[in-house]
Amino acid sequence: LAFRSQRGRSQAIGQLYNQVGEGSSINFFEEFSYDHIRILWKMGLSFDYRPLSFGFTVTTPSLGIYGKGETVYNFTAVNIDTAGTGIGQSSMASNYQPELSSNYRSPLSIAVGATYYFRKSSLYFSLEWFNNINEFAVLQPENFIAQSSGNTISTQYEHELRSVTNYGFGFQHEFNEKLSVYASGIRDNSARITDSETPFSISNWDIYHVT
């Protein structure tokens, strides 16, 4: 059983005050939040043939059970001279949509791991592959009409992920009953698609852990 709760906000503010005491400003923000519950199955087998032990797991794609979210959109422009006439214009587009259904997906993944035991040392290795997730809508707010212009405004909350493979290795050696040392390295690749505009995965960093 998996639970995901996420909130995001993008905001831009612009202000101008000229030499004759005239001011103008633009304020924009877009915000979302949602909770989602889904189920998935993880199955695995392990084998112990000392000095070698190994195993694998399969995690199924998730199945959504329940999700709820909301979106907020607000654009306000005050005293903006868009036509170069010296006459300021003001505009506003504001919308709040609560009680939206939400959706989230996690992919199929397959993992393998192995350990080899020496007399006083052990070597460890693991690898997991994650399938890609095609574009889907996390939230689907309805289009709305801007209060000042009458234009129709549409907002998109799509998500997608690329396929990645992560792996790790470790080593442990026992000198005696009181002293042992270990070392490990793990690569954690980001599944974010570089040119994707999704707001739900904010980092494209590939992270390396060394212990």
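The values are calculated or read from the model by the stated rules, or taken from the named source; none is laboratory data. Remember, predicted model here, so these are calculated numbers, not experimental data. Quick reminder, even Gly has a Cβ in these numbers, built from the backbone with ideal geometry, and neighbours come from all protein chains shown. Accessible surface is based on the protein model in full, side chains and every heavy atom, while ligands, DNA and RNA are left aside. Shrake-Rupley method; radii C 1.70, N 1.55, O 1.52, S 1.80 Å.
Note on Lys178: lysines with a C-alpha under 25 Å away, same-chain residues under 8 apart excluded, are Lys120. Inter-part distance, the range 165-211 to the range 1-56, computed on C-alpha centroids, equals 20 Å. Taking all protein chains together and rolling a 1.4 Å probe, Lys68 ends up with roughly 90 Å² accessible.
Restricting the range 5-39 to chymotrypsin sites (Phe, Trp or Tyr not before Pro) that sit in a DSSP loop and have at most 10 other Cβ atoms within 10 Å of their own Cβ leaves nothing. For the range 122-211, GluC sites (Glu not before Pro) meeting the loop criterion (DSSP other than H, G, I, E, B) and having at most 11 other Cβ atoms within 10 Å: Glu142, Glu177, Glu197. Calculated accessible area for the range 28-139 comes out at 59 Å² per residue, all protein chains present (probe 1.4 Å; ligands, DNA, RNA ignored).
Probing with 1.4 Å while keeping every protein chain in the model, the per residue accessible area of the range 155-196 equals 64 Å². The fraction of accessible area contributed by carbon and sulfur in the range 1-159 is 55 percent, rounded to a whole number (1.4 Å probe; ligands and nucleic acids excluded). Taking Gly21, Gly150, Gly67 in turn, the Gaussian network model of the chain (Cα-Cα springs below 10 Å) assigns the largest fluctuation to Gly21.
Between Leu108 and Asn131, the built amide H atoms are under 5 Å apart, and every one of these is 5 or more places off in sequence or on another chain.
Checking every one of the GluC sites (Glu not before Pro) in the range 13-122 against DSSP loop status and a limit of 16 other Cβ atoms within 10 Å picks out Glu22. When Met92, Met43 are compared by accessible surface with a 1.4 Å probe, the order from highest to lowest is Met43, Met92. Placing Trp41, Trp205 in order of accessible area, with the largest value first and a 1.4 Å probe, yields Trp205, Trp41. For the chain, the C-alpha radius of gyration divided by 2.2 N^0.38 Å, with N the number of residues, is 1.54.
Note on exposure: His173, His209 ranked by accessible area (1.4 Å probe, complete protein assembly) read His209, His173, with the most exposed listed first.
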